[in-house]
1. Test Phe165 against the stated conditions and say whether it is under 13 Å from Ser64 (Cβ atoms), in contact (Cβ under 8 Å) with a residue 40 or more places away in the chain and in contact with a Gly (Cβ under 8 Å, 6 or more places away or on another chain).
2. Here is a list: Met199, Met154, Met147. Which entry is among the hydrophobic types (A, V, I, L, M, F, W, C), in a helix (DSSP H, G or I) and at pLDDT below 85?
3. Note down all Cβ pairs under 8 Å where the first residue falls in region 131-156 and is under 18 Å from Phe104 (Cα atoms), the second is outside any helix (DSSP H, G or I), and they're at least six residues apart or on different chains.
4. So which residues in region 71-120 are in a helix (DSSP H, G or I), crowded, with 16+ Cβ neighbours inside 10 Å and of a type in the set (A, V, I, L, M, F, W, C), if there are any at all?
5. Among the candidates Ser161, Ser209, single out the residue that is among the hydroxyl-bearing types (Ser, Thr, Tyr) and at pLDDT 90 or above.
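The values are calculated or read from the model by the stated rules, or taken from the named source; none is laboratory data. Every value quoted in this text rests on a predicted model; they were computed, and no experiment measured them. Quick reminder, even Gly has a Cβ in these numbers, built from the backbone with ideal geometry, and neighbours come from all protein chains shown.
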Amino acid sequence: MAEYSQAGILTALLLFTALTVRDIYVGRSSMTQQDSTGPDLHTQRQNKHTLYTGPVLKFQFCISCGYSKVFQEYSRSISQLYPDIRIEGENYPPKPINKYTGNFISYFKLLAIALIVTGQNPFQMFGMDTPRIWSWGQENKIFSCLMAFFLSNMLETHFLSTGAFEISLNDVPIWSKLQSGYVPSIQELFQILDNHLKMNQVDKINFPSP
């Protein structure tokens, strides 16, 4: 195997380090924050939020599953048909053990890539025999870094993805993908909303506020 130049190895280290740090800090914060840079991912009609007492439709969904786009499309359609409903959206958090495992994989990925590119052998530090796969990785630094990066990303996605698309109206669950197994169509959601809003109107008539 031909040796890679120091400039090429340094470039690879900087590239993989930048991508990994971005995944750890930027990706993780985007999964936990409830606000979004997009106009639809937090709340509609912000000038009415302070004293708002109308219906609130809340979505909790798996961002890493690509449901952000679905939420944005649904929120626009719902706002057109039900302009008085306030819509909120946030990431559905993974289980704590999955979150910590995903974080560990992120940091382990960064450490593994740094060791591969710099040529350090952690096994010799602990008086252990060097595995063949590690020797192969040292001879094929770029390819082994690519493998470590993409395999780690696959594992992170596995642990951090919840597959959730949960919907509640005034804190009352009206749909759960975790229970039903699928995301409702916009027509189904319109029907569900219509039924619940009619029930709420009936309750207000039968049980008026004092």
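1. Taking the combined requirement at face value, the residue does not satisfy it.
2. Met199
3. none
4. Scanning region 71-120 gives Phe71, Ile78, Ile105, Leu110, Ala112, Ile113, Leu115, Ile116, Val117.
5. Only one candidate passes the filter, namely Ser161.
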